[in-house]
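The values are calculated or read from the model by the stated rules, or taken from the named source; none is laboratory data. A quick note: this is a predicted structure, and the numbers were derived from the prediction, not measured. No Cβ is skipped: glycine too gets one built from the backbone with ideal geometry, and neighbour counts run over all protein chains shown. For accessibility, only protein heavy atoms count, side chains too; no ligands or nucleic acids. Shrake-Rupley method; radii C 1.70, N 1.55, O 1.52, S 1.80 Å.
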Amino acid sequence: MRARLASANEHKLAELRAALPGWELALLDRADFPPETGATFLENARAKARFGRLHAPADEWALGEDSGIEAAVLGGRPGIESARWAEDGVARLLSELEGATERGARYVCALVAIAPDGRELAVEGVLEGAVAHDPRGSEGFGYDPIFVPLGEQRTVAELGDEWKRSHSHRARAAAALQSALSGSG
């Protein structure tokens, strides 16, 4: 299957390529992506996918993705604002959680795929965990240096890109998409 990801984020493209074997993925070559004004990750992903459907080659799928981190003690913030929350989101999240004993958080990824015939599939992937007290590790991007997945002692940045390929919130959303596709015929 061929698809265009309605994003300029090379990191997300690389993760989805790894998580969607058999798909030929490329970034949508646009500079005018719609603003992320939805109230949820799913609304933002759907807006991107629908934009992609308008601008992708007619015979390719359009993918929209939105993701971020939700800290429980902050009422789910930064949530859909994760990418724009601060110039340095990691530093701000650590500052907001300074002294907090409750550090539970989760990564969320919404993925919407629209087929050339207009059929739409929407899925979500979640990775539960906690926010570390200090950044650790050098792989990944975004909040990976401070996110420790449930059952792990290391951050995602320490676990590395290979681990992310099959365990991340994005990998889980991609697996849900594959499952939805195989179930829809």
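Give the carbon-plus-sulfur fraction of the accessible surface of the chain in %, rounded to a whole number; probe 1.4 Å, heavy atoms of protein chains only.
With neighbouring chains kept in place, the figure for the chain is 49 percent.
Please get the size of the charge dipole for the chain, origin at its Cα centre, with Cβ charges of +1 on Lys and Arg and -1 on Asp and Glu, quoted in debye to the nearest 20.
Roughly 400 debye for the chain.
Can you give me the accessible area per residue for the chain, using a 1.4 Å probe, in Å²? Don't skip to the end; give the middle numbers.
Numbers: 8800 Å² over 185 residues.
So the chain comes to 48 Å² accessible per residue, rounded to a whole number.
Once Rh is set to the Kirkwood radius over Cα pairs, what Stokes-Einstein translational diffusion coefficient, in µm²/s, holds for the chain at a temperature of 4 °C and a viscosity of 1.567 mPa s?
78 µm²/s
Just subtract the alpha-carbon distance of ALA180 and GLU87 from 0.36 nm times their residue separation and send over the number in nm, one decimal.
29.8 nm
Mind jotting down the distance between the C-alpha centroids of region 130-185 and region 78-113, whole Å?
With region 78-113 and region 130-185 each reduced to a Cα centre, they are spaced 14 Å.
Using only helices, what value at 222 nm comes out for the chain when you add -39,500 (n - 2.57) per DSSP H run of length 4 or more and divide by the total residues, to the nearest 500 deg cm²/dmol?
Helix-only estimate at 222 nm: -9500 deg cm²/dmol.
At 1.4 Å probe size, what's the solvent-accessible area of GLU36? Round to the nearest 10 Å².
Approximately 60 Å² for this residue.
Within the chain, which DSSP H helices have Cα atoms that stretch 27 Å or more along the helix axis and a mean Kyte-Doolittle hydropathy of at least -0.5?
none
In the chain, with Lys and Arg counted as +1 and Asp and Glu as -1 at Cβ, which of these residues, GLY68, GLN178, GLY140, has the Cα nearest the positive end of the dipole, that is, farthest along it?
My answer, from the dipole projection, is GLN178.
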